[in-house]
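**Q** Handing you a structure now.
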Amino acid sequence: MARVYNFSAGPAALPEEVLQQAQTEMLDWHGSGMSVMEMSHRGKEFLSIAQQAEADLREIMAIPGNYKVLFLQGGASLQFAMVPLNLLNGKTGADYINTGAWSKKAVAEAKRFCKVNIAATTEETKFTSTPAQDDLQLDSGAAYVHYTPNETIGGVEFPYIPDTGDVPLVADLSSTILSRPIDVSKFGVIYAGAQKNIGPSGLAVVIIREDLIGHADETVPAMLNYQIQADGESMYNTPPTYTWYVAGLVFDWIKRKGGLNAMAQINERKASKLYAAIDASDFYHNPVEVKSRSWMNVPFTLANADLDSVFLAEAKDKGLVTLKGHRSVGGMRASIYNAMPEEGVDALIEFMRDFEKRNA
Ligand SMILES: *Cc1c(COP(=O)(O)O)cnc(C)c1O
């Protein structure tokens, strides 16, 4: 059996050691005689798994004590709705920063519930940049400010955390959570779909400051109410137990690898060498302004788009897969999350150089 280097944007590659541990524990988790999939979510075995996962995430992200950590279903997309449903708290509007495809989806969903003020948009650069702090037209009466620190499709990442004063900052961190240390205390809410840098799909991790919980309207469904989910320890109903377990294995893997400082060092190195290879060539091109380039998702085009399908086929033969760019952008996209080993990036760069030599 040969494992490939999988550059998928999500569901994305998982660390091989995590998959091996899951395999070892598949039939009999720690002498329980059963798989994690078969356990009651209220039994002491699964409760220990759930609590350890939360404790490890709190440790690696240094999450302050006045934040709750929730493990919810519905992915990041359900948070597009849960955020306004829980945070408006009598206010009528919220600020949104628009830096691309995922920002737009968050805006579209919020418009069902409130007046959306676009505090800044980078549409005029075709979403190849991030706005500067001074360009944010923030409304001091807004219920919150929402932004997307890393746009997974455009490969655009904020080089700073916006300062929103007393207005809570909400971040869709789906594709860059755990890629480096982050000061959680600067945020009101952080949420992330799991299938990029956390674990399998089916789970969203929500990190929320306690004072922002408990303001949902009576009409908000129980499943969508942060208060009810927090009171139930994310077990108001049956949670996605196996996904939660694998996420816990990933948190433990990050801890053993040296935490988020170690992740940041490797991620920066991986991204820098890939961008350097792209920039050194006239054959490959990345359109994003240098300071806003994503560490996690690296889109690039070929000078001759007719070669795209040949590039993808030859890459696949070399065990480099899922490099096709998002349908809205075209070209290629290499997603290089934590689980992508540096050797995978090296192999991609070597293939790109060789392909260029033969085709330029
Ligand atoms: C993948 C992604 C989403 C959507 O996640 P789902 O879990 O599929 O809902 C939202 N935002 C960003 C930034 C993403 O990368």
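**Q** Within region 219-243, how many residues turn out to be closer than 27 Å to Ala12 by Cα and among the hydroxyl-bearing types (Ser, Thr, Tyr)?
**A** Count: 5.
**Q** Criterion first (farther than 22 Å from Glu59 by Cα and assigned to a strand (DSSP E or B)) does Pro287 satisfy it? Can you show your working first?
**A** On the way: farther than 22 Å from Glu59 by Cα: yes; assigned to a strand (DSSP E or B): no.
No.
**Q** Restrict the check to region 266-281 and report whether at least one residue is out of contact with any Gly (no Cβ under 6 Å at 6 or more places or on another chain), surrounded by 15 or more Cβ atoms within 10 Å (Cβ to Cβ) and closer than 22 Å to Asp56 by Cα.
**A** yes
**Q** Also, I was wondering about something else. Return only the number of the condition from (1) open to solvent by less than 60 Å² (accessible area, probe 1.4 Å); (2) touching an Asp or Glu at 6+ places or on another chain (Cβ under 8 Å); (3) in contact (Cβ under 8 Å) with a residue 40 or more places away in the chain that Leu302 does not satisfy.
**A** (3)
**Q** Next question. Identify, please: which residue in region 55-113 is in a strand (DSSP E or B) and of a type in the set (Gly, Ala, Ser) and is, among those, surrounded by the most Cβ atoms within 10 Å (Cβ to Cβ)?
**A** Ala94
**Q** I'd like the full set of residues that are of a type in the set (A, V, I, L, M) and in contact with a Lys or Arg (Cβ under 8 Å, 6 or more places away or on another chain), limited to region 341-360.
**A** Correct list: Val345, Ala347, Ile349.
**Q** Would you point out the residue of region 135-171, among those that are hydrophobic (A, V, I, L, M, F, W, C) and out of contact with any helix residue (DSSP H, G or I) (no Cβ under 8 Å at 6 or more places or on another chain), that is most open to solvent (accessible area, probe 1.4 Å)? Even if it seems obvious, please write down each step before you answer.
**A** Just the residues of region 135-171 that are hydrophobic (A, V, I, L, M, F, W, C), to begin with: 136, 138, 142-143, 145, 153, 156, 158, 161, 167, 169-171.
Subsequent filtering for residues that are out of contact with any helix residue (DSSP H, G or I) (no Cβ under 8 Å at 6 or more places or on another chain) retains 136, 138, 142, 145, 167, 171.
Details: Leu136: 20, Leu138: 67, Ala142: 3, Val145: 2, Val167: 22, Ala171: 0 Å².
Ranking the candidates gives Leu138 first.
**Q** Still on this model: For region 34-50: of the residues being surrounded by fewer than 12 Cβ atoms within 10 Å (Cβ to Cβ) and in contact (Cβ under 8 Å) with a residue 24 or more places away in the chain, which is nearest to Ala230 (Cα to Cα)?
**A** Arg42
**Q** Please determine, by comparing only the residues of region 316-338 that are touching a residue at least 24 places away in the same chain (Cβ under 8 Å) and assigned to a strand (DSSP E or B), which one is surrounded by the fewest Cβ atoms within 10 Å (Cβ to Cβ).
**A** Once the filter is applied, the top-ranked residue is Val321.
**Q** Something else now. Going by the structure shown, is Gly154 of a type outside the set (A, V, I, L, M, F, W, C) and farther than 17 Å from Glu109 by Cβ?
**A** Numbers: of a type outside the set (A, V, I, L, M, F, W, C): yes; farther than 17 Å from Glu109 by Cβ: yes.
When the stated conditions are applied, Gly154 passes them.
**Q** Still on this structure: Hey, can you tell me all the residues within region 115-128 that are surrounded by fewer than 18 Cβ atoms within 10 Å (Cβ to Cβ) and assigned to a loop (DSSP other than H, G, I, E, B)?
**A** Correct list: Lys126 only.
**Q** Sticking with this one: Anything in region 179-204 that is within 14 Å of the ligand (Cβ to nearest atom), of a type outside the set (Gly, Ala, Ser) and either open to solvent by 10 Å² or more (accessible area, probe 1.4 Å) or within 17 Å of Ser8 (Cα to Cα) (or both)? List them, or say none. Spell out how you get there, then give the answer.
**A** Our first condition is that a residue be within 14 Å of the ligand (Cβ to nearest atom); within region 179-204, this holds for 179, 189-204.
Now restrict to residues that are of a type outside the set (Gly, Ala, Ser): 189-191, 195-198, 200, 203.
Listed by number, the residues that qualify are Gln195, Lys196, Asn197, Ile198, Pro200.
**Q** Right, here's the next one. Of all residues in region 13-33 being free of Cβ contacts under 8 Å to residues at least 12 places away in the same chain and surrounded by fewer than 15 Cβ atoms within 10 Å (Cβ to Cβ), which is nearest to Ala334 (Cα to Cα)?
**A** Gln20
**Q** Would you check if there is a residue in region 92-113 being within 16 Å of Ile177 (Cα to Cα) and away from the ligand (no atom under 12 Å from the Cβ)?
**A** Scanning region 92-113 turns up no residue that is within 16 Å of Ile177 (Cα to Cα) and away from the ligand (no atom under 12 Å from the Cβ).
The values are calculated or read from the model by the stated rules, or taken from the named source; none is laboratory data. None of the values given here were measured: they were computed from a predicted structure. Every residue, glycine as well, gets a Cβ built from its backbone with ideal geometry; the counts of neighbours run over all protein chains shown. For the accessible areas, the whole protein counts, side chains as well, though only heavy atoms, and no ligand, DNA or RNA atoms are used. Shrake-Rupley method; radii C 1.70, N 1.55, O 1.52, S 1.80 Å.
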